[in-house]
Amino acid sequence: MTKLSRQRLHVLIEPRVLFAAFTLIVLAVVWGATLYLIDVERANARKAAAVSTSDQVQTYGAQVVRAVREIDLTLKVVKYAFERNEGRIDLATLQDRTLLPSNLVFKVSIADRNGMIVSGMDPALSNNVSYRTYFQQQRQGDALAVSRPQQETDSDEWRLFFTRRLDDESGYFAGVAIIAVGADFFVSGYDVGKLGTEGVLGVIGDDGVFRARRTGDTVVYGEAVDYAKTFPDADSEEGRVTLTENPWDGVSRYTGTQRLYGAPLTVVVGLSQAEQLAETSASARTYLWRAAAATVVLLLVVALLWRMMRQLARARREAVTSEIAHARQVEHLAFHDGLTGLPNRSLFSRMLQQGVQMARRNNRLLAVLFLDLDRFKHINDTLGHEAGDQLLQEVAARLKSCLRDSDSVARLGGDEFVVVLPELADDVYAATVAQKIISAISRPFTLKGLEFRVTGSVGISIHPQDGLDEETLTKNADIAMYKAKAEGKNTFQFYSDTFNAESLERLTLESSLRRALENNEFEIHYQAKSDLKTGQITGMEALLRWQHPDLGTVAPMRFIPVAEQTGLIVPIGRWVLKTVCLQNLAWQKEGLSRLHIAVNLSELQFFDEHLLHDVETILESTGMEADLLEFEITEGMLMRDVQRTLRVLTALKKLGVRIAVDDFGLGYTTLASLRQFPIDTIKIDRSLIRGVTHVADDQALTEAIIAMGKSLSMTVVAQGVENTAQAKILREDACDEIQGFYFDRPVPAAQFAQMLRARAALAPDIGTGSQPVPAKT
Amino acid sequence: MHMLARTGLVVVALMLGAGPVVAAADVVAVVANKSAITRLTPRQVEDIFLGRINHLESTATLVPLDLPEGSPARAEFYATFGGKSAAQLKAHWSRLIFTGRGQPPAVVPDIETARKRVATNPNAIAYMDRSAVDASIRIVAP
């Protein structure tokens, strides 16, 4: 409940809600105030109009009453004078004595009992008025009468006749006193300033006939209306004001009426509603326009602010989005292989862990498939890295196409790919996928416009039988992959407990070695031997290197044992010997100095019955000088079978080649026993040389070996000389030659030749030099 | 046809209008020789006769005297001073009388009476034909 209301509160403080609420409130205030103001002004205007009407009714009523009373008073004066003088009356005299009102407006006349005008100042009046209604009326009655508006002739003005009866001394009807007044006299007080042009001012008789009614400059005479209906309130003491639509012209007016005292007349005052409220309506319109303008401005401002806010929000959102995208990209880079976009080793490791957990929980199988391309290195070497990269990308794509969405594939580096198949129902599926992968890989690739075929070997390990954890599963899949390679490549292999990783590797190497010679995968590197006194290169040692197409450079200590075990060492040795001889001769032909060349003989080679024949044949076929060739055998081999060794050595010496004992000083051979062998050179083992500067025993032994070698006229070579300090001590001990990484690393033939050429150019200077010149690395 | 008729009407109207204008120049406002007033503007004369003012500076209440309705001098006088017709004059006085703000000037029967009354009353002011002016009275306007 509280949570809900808090959510509602959050909605309330959301910017768009706040904006809308703010706008609505301001609009409500603006319009409320405007409408209220208009309403108040309207009410005030209505009230003012009503009050004004009421005031004017009173004023107007008073004016009419005064005028009527003055007229009546004049009539009474005339009546008095007439009756006092027994019908003889001179109005001019009354006029002179200012007993009569202004003749300009009030025309006084007297008619006798027959209606004949006997005295008067009204030239417009006809001589006989006996037919007039007022004359007939006064014959019967004795009260002030006010006639309806009348014209003597059509062109004459409309006039009202105020009359009173005249009596003779006996009280009989003797005539009528008449005062004619222009009807518009009674509406002459019309003031546009107060009544407007649409107001009304009028006098109406009890008979319902307007004596005069004026609106603006228009005066209407003698119009009859339904008195009682039109002025229901006229009889009331205080004239009331009502807003009514006047029946005579259909205009809505604040209409006030007042019945006059002492005369059968009612005054009517009206103020036009439209006219009186026009100003208010105009200001109301102004207010409404202003409110509308304010609304528009407000809406514009709000819209503008709203837009700015949206833009700000969008910019902020975009910033956040790009930050997230960047973070994702960084994460992606951290967990994916840049080349193929596949998960890398660390992500794979995590995925596999999860997969193993899931499989364990659901009691299902899980397969790890290790894929290694069989000829990747070859392609990389022959077509270049770009093509290699392209191949890897293509392989990644093909792998993905072989898999379900739930499966995952990763690149562990180089040409190694690994696939995880989680939630397997049956391991047959793993075999199916492996076969699918192999087929996919073996389809031709187009690289640099050329078609290539690549094969792959797949090793499979299954959880749980081949391992319960990620590490074991990976390792075993790897082993299974080696097995597949050994089985002849382009195939897959399930892991089995009987596999042994090392034997598998050996299998692989063995199968590769068989083809290595044919494929020209071997290479000879040369390491220089230098004269310690002159620093000149006196010879070199030939060292075998193997560039395996898939495994890269394979160290001799890994493949030589395999070669020995399989007997492959013999043909390989033959190839080495021949290659070395040809190389030496080539250099000599080039004009470089005659150099000794040392070739290692393994135990198997040494005791091979064909050795002598092979050496003889090669020397003959190549034309190599025998005394430049030196065979190196190990100290251990000397003592294995002394008689046989002696026989071989003697035979070799007969051919003219030199014999060197390699790795000497490890303690197997007594110095004395060396005498019986025809040995030309002893090479002090690198382990002794390493200690020669600071280990007393090593120094003493080295010294002794050198001394003994000298006494037997042997050349003494120090192996593994790595600094000048070692070289200095050896020189003091009169060691002949040195060989070591510090001075000359083993290098390919082309590079070695280059070095020889460089030395040859410097040779004259080196003759006196005590320091060997380090080779370029 | 119509054009011709209208042009004819205009000519007639001009001829009719020209007569009274020429004659109007001969009606003058007069006061007594003894009066303090020596000169009045036509506007002052008009205001006095229309009841707008009833005295000038340093004079007592003025008594304007009118000639009877219909007399030629009266029509000419009001046409000259203020340019009002008889109907307009009547409407003017009707409004003043009705609203109680004034009464029209007293009416004397003829020019002779007017002259006598002016001559004897230093506060009186009247109008007449210039030819009717004698030494007892003084012309103040125009």
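The values are calculated or read from the model by the stated rules, or taken from the named source; none is laboratory data. Computed from a predicted model, the values in this text were never measured in an experiment. A quick note on method: Cβ atoms are made from the backbone with ideal geometry, for glycine too, and the neighbour counts reach across all protein chains shown.
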Practice item. Looking only at segment A:501-532, count how many residues are farther than 17 Å from A:LYS683 by Cα and in contact (Cβ under 8 Å) with a residue 12 or more places away in the chain. Key: 20
Point to revise | Test result for A:SER439, at pLDDT 85 or above, surrounded by fewer than 21 Cβ atoms within 10 Å (Cβ to Cβ) and among the small types (Gly, Ala, Ser) | key: yes
Check your understanding: Restricting attention to segment A:716-740, which residues are closer than 28 Å to A:TRP546 by Cα and out of contact with any strand residue (DSSP E or B) (no Cβ under 8 Å at 6 or more places or on another chain)?
Key -> A:GLU722
Point to revise | Among the residues listed as A:GLY193, A:GLY205, the single one being within 14 Å of chain B (Cβ to nearest Cβ), out of contact with any Asp or Glu (no Cβ under 8 Å at 6 or more places or on another chain) and surrounded by fewer than 22 Cβ atoms within 10 Å (Cβ to Cβ) | key: A:GLY193
Review point. Pick from segment A:706-725 the residues that are among the β-branched types (Val, Ile, Thr) and modelled with pLDDT of 85 or more: which of them is surrounded by the most Cβ atoms within 10 Å (Cβ to Cβ)?
Key: A:VAL717
Review point. Out of curiosity, is B:ALA32 more than 21 Å from A:SER102 (Cα to Cα) and in contact with a Pro (Cβ under 8 Å, 6 or more places away or on another chain)?
Key: yes
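Conditions (1) out of contact with any Asp or Glu (no Cβ under 7 Å at 6 or more places or on another chain); (2) in the same structural domain as A:TRP289 (by TED's automatic domain parsing); (3) basic (Lys, Arg); (4) not in a helix (DSSP H, G or I), marked per residue:
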{"site": "A:ILE38", "(1), (2), (3), (4)": "yes, yes, no, no"}
{"site": "A:ASN44", "(1), (2), (3), (4)": "yes, yes, no, no"}
{"site": "A:LYS47", "(1), (2), (3), (4)": "yes, yes, yes, no"}
{"site": "A:GLU86", "(1), (2), (3), (4)": "no, yes, no, yes"}
{"site": "A:THR93", "(1), (2), (3), (4)": "yes, yes, no, no"}
{"site": "A:LEU99", "(1), (2), (3), (4)": "yes, yes, no, yes"}
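Could you tell me which of the residues A:LEU125, A:LEU160, A:LEU144, A:LEU166 is in contact with a Gly (Cβ under 6 Å, 6 or more places away or on another chain) and under 24 Å from A:ALA92 (Cα atoms)?
Being in contact with a Gly (Cβ under 6 Å, 6 or more places away or on another chain) and under 24 Å from A:ALA92 (Cα atoms) holds for just one of A:LEU125, A:LEU160, A:LEU144, A:LEU166, which is A:LEU166.
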Check your understanding: Tally time: how many residues in segment B:72-123 are in contact with a Leu (Cβ under 9 Å, 6 or more places away or on another chain), at the interface with chain A (Cβ under 9 Å from one of its Cβ atoms) and of a type in the set (S, T, N, Q)?
Key -> 2
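Return yes or no: is B:ALA87 surrounded by fewer than 17 Cβ atoms within 10 Å (Cβ to Cβ) and either hydrophobic (A, V, I, L, M, F, W, C) or touching a strand residue (DSSP E or B) at 6+ places or on another chain (Cβ under 7 Å) (or both)?
Details: surrounded by fewer than 17 Cβ atoms within 10 Å (Cβ to Cβ): yes; either hydrophobic (A, V, I, L, M, F, W, C) or touching a strand residue (DSSP E or B) at 6+ places or on another chain (Cβ under 7 Å) (or both): yes.
Yes, satisfied.
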Check your understanding: Which of (1) outside any loop (DSSP other than H, G, I, E, B); (2) free of Cβ contacts under 8 Å to residues at least 40 places away in the same chain does A:THR295 not meet, given it meets every other one?
Key -> (2)
Review point. Does A:TRP575 satisfy the condition of being assigned by TED's automatic domain parsing to the domain that holds A:ARG545, closer than 15 Å to A:GLY539 by Cα and part of a helix (DSSP H, G or I)?
Key: no
**Study point:** Count - residues of segment A:97-114 that are within 13 Å of another protein chain (Cβ to nearest Cβ) and of a type in the set (Lys, Arg)
**Key:** 2
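Quick check, is A:GLU83 surrounded by 14 or more Cβ atoms within 10 Å (Cβ to Cβ), acidic (Asp, Glu) and within 14 Å of another protein chain (Cβ to nearest Cβ)? It would help to see each step written out before you state the result.
On the way: surrounded by 14 or more Cβ atoms within 10 Å (Cβ to Cβ): yes; acidic (Asp, Glu): yes; within 14 Å of another protein chain (Cβ to nearest Cβ): no.
Answer is no for this residue.
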Study note, to complete from the structure: Residue pairs qualifying under the 7 Å Cβ cut-off, at least six apart or on distinct chains, with the first in segment A:207-223 being not assigned by TED's automatic domain parsing to the domain that holds A:THR266 and the second being buried (at least 16 other Cβ atoms within 10 Å of the Cβ) and not hydroxyl-bearing (Ser, Thr, Tyr), are none
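For A:GLN583, are the conditions met, namely being without any contact (Cβ under 8 Å) to a residue 40 or more places away in the chain, over 23 Å from A:MET708 (Cα atoms) and part of a helix (DSSP H, G or I)? Spell out the reasoning first.
Details: without any contact (Cβ under 8 Å) to a residue 40 or more places away in the chain: no; over 23 Å from A:MET708 (Cα atoms): yes; part of a helix (DSSP H, G or I): yes.
Answer is no for this residue.
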Practice item. Find the residue count for segment A:596-618, including only residues that are in a strand (DSSP E or B) and touching a Lys or Arg at 6+ places or on another chain (Cβ under 9 Å). Key: 2
Practice item. Taking A:ASP122 as the residue in question, decide whether it is within 13 Å of chain B (Cβ to nearest Cβ) and of a type in the set (D, E, K, R). Key: yes
